[in-house]
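The values are calculated or read from the model by the stated rules, or taken from the named source; none is laboratory data. Keep in mind it's a predicted model, so treat the numbers as computed, not measured. As a convention, Cβ positions derive from the backbone with ideal geometry for all residues, glycine included, and neighbour counts pool all protein chains shown.
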Amino acid sequence: DSGVTQTPKHLITATGQRVTLRCSPRSGDLSVYWYQQSLDQGLQFLIQYYNGEERAKGNILERFSAQQFPDLHSELNLSSLELGDSALYFCASSVGGVYGYTFGSGTRLTVV
Amino acid sequence: AQKVTQAQTEISVVEKEDVTLDCVYETRDTTYYLFWYKQPPSGELVFLIRRNSFDEQNEISGRYSWNFQKSTSSFNFTITASQVVDSAVYFCALSEAEILNEKLTFGTGTRLTIIP
């Protein structure tokens, strides 16, 4: 157990739907990062939050949004889902990027 | 812009052989951090090592060793006496670790298969 908890582990949904992925960071970590791993794009950085505030944005689609709550857990919201959104979504947490990142076990999203 | 290249897409070796996974990176920063992660068939990303740009000492951890050479912008990973449990996809990653830019840039990964 890495200490980073992601739920659900698997999610199957239809095109056009909206889903929410949840991440609880390791105790003491203030930063949360979201990554998408797809076959064609590899591991791509989506967004980072630090202590409730957005800190950096990567290749995140406008249909996707995220937030970090006061208890530091984070949610990634994916809407108007397309087949191409099928991927493994990872959350990672850190006390600061220079100290390394701990990844959760991921949420496998399948859009049908 | 930062970039990580793992030219070896797939490698297969027989158990007990040594194998080296190559990683070449590009960055304009003088301060950066390099990482290796392992992704076994179960899918999670397992942290292996973190190295900062000012520390060029090679590192050994059991059967694993890492060779960091700034002159060639490489951070290669060697597994000695490979075992079947080493079969996984291995990712090299780079972070420029600047405030407001702490993201990890990953290479495309090398799929390592250890043949019993």
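Tell me yes or no: at least one residue of segment B:95-105 is assigned to a strand (DSSP E or B), among the aliphatic types (A, V, I, L, M) and out of contact with any Phe, Trp or Tyr (no Cβ under 8 Å at 6 or more places or on another chain).
no
Among the residues of segment B:74-112, those that are loosely packed, with under 14 Cβ neighbours inside 10 Å and under 27 Å from A:Tyr35 (Cα atoms) comprise B:Val85, B:Ile99, B:Leu100. Going through (1) modelled with pLDDT of 95 or more; (2) more than 25 Å from A:Ser2 (Cα to Cα) one by one, B:Lys70 falls short only on (1). If you check B:Lys103, B:Lys70 for being out of contact with any Lys or Arg (no Cβ under 8 Å at 6 or more places or on another chain) and within 11 Å of chain A (Cβ to nearest Cβ), only one passes: B:Lys103.
For segment A:1-14, how many residues meet the condition of being part of a strand (DSSP E or B) and of a type outside the set (Val, Ile, Thr)?
So in segment A:1-14, the residues part of a strand (DSSP E or B) come out as A:5-7, A:10-13.
Adding the requirement that they be of a type outside the set (Val, Ile, Thr) leaves A:6, A:10-11.
Number of matching residues: 3.
The set of residues in segment A:50-67 being closer than 11 Å to A:Tyr33 by Cβ and either among the small types (Gly, Ala, Ser) or at pLDDT 95 or above (or both) consists of A:Ala56, A:Gly58, A:Ala66. In segment B:37-58, of all residues being surrounded by 14 or more Cβ atoms within 10 Å (Cβ to Cβ) and among the hydroxyl-bearing types (Ser, Thr, Tyr), the one that is modelled with the lowest pLDDT corresponds to B:Ser53.
Of the residues making up segment A:99-112, not one is away from chain B (no Cβ under 11 Å) and modelled with pLDDT under 95. Residues that are farther than 19 Å from B:Val84 by Cα, polar (S, T, N, Q) and within 12 Å of chain A (Cβ to nearest Cβ) within segment B:14-62 comprise B:Thr31, B:Asn52, B:Ser53, listed in sequence order. If you go through segment A:22-56 and keep only what is surrounded by 20 or more Cβ atoms within 10 Å (Cβ to Cβ) and closer than 13 Å to A:Ser86 by Cβ, you end up with A:Gln36, A:Gln37. All conditions in (1) within 23 Å of B:Thr108 (Cβ to Cβ); (2) exposed (fewer than 12 other Cβ atoms within 10 Å of the Cβ) hold for B:Thr30, with the sole exception of (1). The number of residues in segment B:4-36 that are modelled with pLDDT of 95 or more, under 25 Å from A:Asn59 (Cα atoms) and not in a loop (DSSP other than H, G, I, E, B) comes to 6.
Given the structure, is B:Leu94 among the aliphatic types (A, V, I, L, M) and within 14 Å of another protein chain (Cβ to nearest Cβ)? So B:Leu94 fits the description; yes. The requirement of being hydrophobic (A, V, I, L, M, F, W, C) and at pLDDT below 95 is satisfied by A:Leu30. Criterion first (small (Gly, Ala, Ser), within 14 Å of chain B (Cβ to nearest Cβ) and surrounded by fewer than 15 Cβ atoms within 10 Å (Cβ to Cβ)) does A:Gly96 satisfy it? The answer is yes for A:Gly96. Only residues that are among the hydroxyl-bearing types (Ser, Thr, Tyr) and surrounded by fewer than 23 Cβ atoms within 10 Å (Cβ to Cβ) were counted in segment A:81-93, giving 1. Note on segment A:15-67: enclosed strands (runs of 3 or more DSSP E) holding 2 or more residues that are within 14 Å of another protein chain (Cβ to nearest Cβ) are A:31-38, A:42-50, A:53-57.
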